[in-house]
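Scroll down for the structure; my scribbles are underneath it.
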Amino acid sequence: IVFILIVSALLNFSATVVTCDGFVQHLSCDTGVISVQSATYGRTSSQICSFGRPQSQISNTWCSINVPVIYKRCDGLRTCGLNTQGLSTPDPCFGTYKYYTTNYICIPAETSVTCHGGYGYLKCKNGKIQINAANYGRTDKITCSHGRPSEQLQNTNCYSPNALSFVSKSCNGLENCEVYATHMIFTDPCFGTYKYLAISYFCLPHGIREYLSSCLILNSFCYFQEVCLEYFDLRDF
């Protein structure tokens, strides 16, 4: 038996989305969750997003910066919509009309969404939990919205800075884990907004987690989203 952890699934779907500045960028996975591989803002082609633009706005094709906020907002979600208006600062090339280029893959992961005040239950029937992404906040207006006034749902740029760290420390390596979705545990990132705890995680085969720390220092392995991918036979583990 050859375990190529995650890799085979990663190859099943990848996409590059280009969005002209000021429009909404949409990322989605039919199965699994989003894992952003690269996200840039600028212009590297005079043809893309050029319709109706004067030559002076599209001639500079040496303009590109990374956009970490796209990773932050989209990783671990099944769908992600980003209003690009003012999304990236600073401006890498003033006077040039720019666009966003995001490359992402869909990775196989379990998901858990728990409204504020509830308990999230993570479970692996075969293997141990490895957290991929976690956020206590709000990234859309639909999730956990039933019966809530509109003003509690408007802020969809709400991210708790300690959610991933806390959930990872609490659940990694366990077969079952319970997490309480409350501001008493997670930093309240947006007072007045009704929040929820969204988690995506893998179930690592028994023996793989114990091997992670050693394989990270070897060149024959790849580190990806806290999961170590081995490219040869692991039948002994």
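The mean accessible area for residues of the stretch 13-107, using a 1.4 Å probe and ignoring ligands and nucleic acids, is 52 Å² per residue. P(r) for the stretch 110-209, from all Cα pairs and a bin width of 5 Å, is 2, 15, 25, 22, 15, 10, 6, 3, 1, 0 %, short bins first. With all protein chains in place and a 1.4 Å probe, the accessible surface of the stretch 104-157 carries 46 percent carbon and sulfur.
Descending by average beta-carbon neighbour count within 10 Å, the peptides 23-34, 103-114, 42-53 line up as 103-114, 23-34, 42-53, the highest first.
The rule of thumb for compact globular proteins, 2.2 N^0.38 Å, goes into the C-alpha radius of gyration of the stretch 91-132 2.12 times.
Mean sequence separation of contacting Cα pairs (under 8 Å, at least six apart), scaled by the length of the stretch 110-209, corresponds to a relative contact order of 51 percent.
Ligands, DNA and RNA are left out, and with a 1.4 angstrom probe the accessible area of the stretch 110-209 is 49 Å² per residue.
The values are calculated or read from the model by the stated rules, or taken from the named source; none is laboratory data. If you're wondering where the values come from, they're calculated on a predicted model, not measured in any experiment. For neighbour counting, all protein chains shown are included, and Cβ atoms are generated from backbone atoms with ideal geometry for every residue, glycine included. Keep in mind that these areas ignore ligands, DNA and RNA; they rest on the heavy atoms of the full protein, side chains included. Shrake-Rupley method; radii C 1.70, N 1.55, O 1.52, S 1.80 Å.
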